[in-house]
Amino acid sequence: MIPMKELNKIAPNLSKIKKENVFRVPDGYFEEFPGKLMERIGHQGDRQEILRPLQRFFKPPLAIAAAILVFAILGYLSIRYLFSDGVNQELSPQEIAEYIEYYSSDLDEGLYYEVLDEIEVDETVDIDYEEIIIDYLLGQDVDYQSIMENL
Amino acid sequence: MSGNRDKELLALFKEKESRNYAFNQIIHTYQERLYWHVRRIVVLHEDADDVLQNTFLKAWNGLDDFKEGSRLYTWLYRIATNEALSFLKKKRKRVLIPDHDFENSVMNRFEEGDYIDGDEIQMKLQKAICTLPEKQRIVFNMKYYDEMKYEEMAEILKTSVGALKASFHHAVKKIEKMIQED
């Protein structure tokens, strides 16, 4: 607990406010919650009863496969590092895409939108959307007869 | 709940026949405290309900590996905090809210949510709390409302007592300033 004296000293206005819980719950929520949850656990348990033998069977081979994969990747990276000059290596579009996907959670969205705003769109290029749509429709197996009849 | 009662329940949980009974007791004991903790983080009741269910599901799945050296209460609190934070993170990504706008979005939740009721001064305090950065808001709520010891908070949030004290101090100062300004 925070000593009132301390709170009074650093925040006199806050210390005057009565400590209250402003949040409410629907009637009977806490009475019903354990039953609702145990039911969910029961369903999950049924599923696990089926999955557990499979997991037990596949777990050791999967662990071995994962270990081999890690060693293979480490080996590949070491060899690549040893035989490369380490300067200005070109990245393939796939590598860039993988990198972005991996780090996408750390992307600053504000910066992303700023960059998008800065990209100039060449409005002089005239795209014939009508032609593209017609080409697309011709490529599909559309029953024109029935469309015309319904119009 | 005493440590001895926790030990008893953990022992019962290990037995197949008493597993459900023991877990039911654990839910009854901790559900309210965990609910209010989660609710203060996610604000809306429906979200708090989801997070609380996920918290107990994780506890059910992880209780076999629970190390008896740690306390059940802090372990559950840690799961609940992490669940609530990752819930907000997912929600933020889904609606594409940039990080710097997130405090506003928490406040919006507060203004639009059901099952929230308080007088003017209480609402002013809640809005001030909503303006705090996420971690600072959690520290403030745990200390101010849950009245937790810094040592317990440090165990749950995996940080130092000093950092928590500083964080709480900053939060209080900011809230005080906001209350004064209005």
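The values are calculated or read from the model by the stated rules, or taken from the named source; none is laboratory data. Quantities reported herein were computed from a predicted structural model and do not represent experimental measurements. Virtual Cβ from ideal backbone geometry, glycine too; neighbours counted across all protein chains shown. In case anyone asks, the SASA skips ligands and DNA or RNA and just uses the protein heavy atoms, side chains included. Shrake-Rupley method; radii C 1.70, N 1.55, O 1.52, S 1.80 Å.
Tabulated values for the structure
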| read-out | value |
| --- | --- |
| Chain B: angle of helix B:19-42 to the longest principal axis, Cα-based, in degrees nearest 10 | 10 degrees |
| Euclidean distance of C-alpha centroids, the stretch B:164-182 and the stretch B:15-35, integer Å | 37 Å |
| Angle in degrees between helix B:134-144 and the longest Cα principal axis of chain B, rounded to the nearest 10 | 70 degrees |
| Accessible surface buried upon A-B contact (total; probe 1.4 Å; Å², nearest 100) | 4100 Å² |
| Chain B - mean residue ellipticity at 222 nm from DSSP helices (-39,500 (n - 2.57) per run, n ≥ 4, rounded to 500) | -25000 deg cm²/dmol |
| Accessible area per residue, Å², chain B with all protein chains present, probe 1.4 Å | 49 Å² |
| Under 5 Å, built H, 5+ apart or other chain: amide partners of B:Ile116 | A:Arg24 |
| Net charge contributed by nearby residues that have their C-beta within less than 12 Å of B:Glu32 (K/R +1, D/E -1) | 0 |
| Virtual paramagnetic centre 7 Å along Cα→Cβ of A:Ala66, amide N under 17 Å, in the stretch B:40-81 | B:62, B:65 |
| Cross-link pairs beyond the 20 Å C-alpha cut-off, checked among B:Lys90/B:Lys149; A:Lys16/B:Lys177; A:Lys36/B:Lys90; A:Lys59/B:Lys14; B:Lys93/B:Lys165; B:Lys91/B:Lys149 | B:Lys90/B:Lys149; A:Lys36/B:Lys90; A:Lys59/B:Lys14; B:Lys93/B:Lys165; B:Lys91/B:Lys149 |
| Relative contact order (%) - criterion: Cα under 8 Å, at least six apart; region: chain B | 20 percent |
